[in-house]
Amino acid sequence: MEVYDAVVSRRTIRKFKQRNIPFRVLKQLVNAGRLAPSAANLQPLKFIVVTAAKVREKIFGCLRWAGYISPEWNPAKGQKPVAYIVIINNLEIAAQGHFERDSGAAAQNIILSAWEKDIGSCWLGAIDRKKISEILKIPAAYFVDTVIALGFKDEKPGAVKWGEDCRYYKGKDGELKIPKRAMKEILHRDKF
């Protein structure tokens, strides 16, 4: 898959097949995140891969899914993520005010690398950071930035033309529809 094709075809997945992702693949995804740009090249990120069923269930309870149509679009039993990658920042070495960019770049690398392997993902920032820190025994010097839920795709959400607002919705086909602005609305050349 070409990078551009991955970028334009990728959609957030919230329903997953219950097939394990090999750890070597999860390690590749972390490697893609590790190699993302970093402010001042300080590289404050660490990654925790969660695969154990009991720990996954605890993490699942710390996540808020699909705010516009929750709880309808929360993963149901038998469709929950089979793995998580938790991105944490070492606040003692992170460049002041830039660690969020590091996390974002790493998350995007992970998500696109997963998509190439037919693995769906959901980038979650509406999370209970304190509880996740307790569950994963994360030291106080670290900030839990992002949780990326992972699994083989069990849905086919699609992009649709932007209408009245940005809220995604369940289409008549039962799949999630995500409004996206048209190119002519966002592209400027040489001036605003």
Does region 38-74 hold any residues that are part of a loop (DSSP other than H, G, I, E, B) and at pLDDT 95 or above, and which are they?
-> 51, 52, 61, 62
Identify all residues within region 87-102 that are surrounded by 17 or more Cβ atoms within 10 Å (Cβ to Cβ) and part of a strand (DSSP E or B); write none if there are none.
-> 87, 88, 89
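Between 12, 51, which is within 30 Å of residue 177 (Cβ to Cβ), of a type in the set (Ser, Thr, Tyr) and touching a strand residue (DSSP E or B) at 6+ places or on another chain (Cβ under 7 Å)? Walk me through it before giving the result.
Values: 51 fails: within 30 Å of residue 177 (Cβ to Cβ).
Unique residue meeting the criteria: 12.
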Take residue 154 and decide whether it is under 23 Å from residue 18 (Cα atoms) and not hydrophobic (A, V, I, L, M, F, W, C).
-> yes
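If only one of 81, 44 is crowded, with 18+ Cβ neighbours inside 10 Å and in contact with a helix residue (DSSP H, G or I) (Cβ under 6 Å, 6 or more places away or on another chain), which one is it?
None of the other options fit; the residue is 44.
Tell me yes or no: at least one residue of region 134-142 is farther than 25 Å from residue 91 by Cβ, in contact with a strand residue (DSSP E or B) (Cβ under 6 Å, 6 or more places away or on another chain) and surrounded by 16 or more Cβ atoms within 10 Å (Cβ to Cβ).
Of the residues in region 134-142, the ones farther than 25 Å from residue 91 by Cβ are none.
Looking for residues that are farther than 25 Å from residue 91 by Cβ, in contact with a strand residue (DSSP E or B) (Cβ under 6 Å, 6 or more places away or on another chain) and surrounded by 16 or more Cβ atoms within 10 Å (Cβ to Cβ), one finds none in region 134-142, hence no.
The values are calculated or read from the model by the stated rules, or taken from the named source; none is laboratory data. Computed from a predicted model, the values in this text were never measured in an experiment. Quick reminder, even Gly has a Cβ in these numbers, built from the backbone with ideal geometry, and neighbours come from all protein chains shown.
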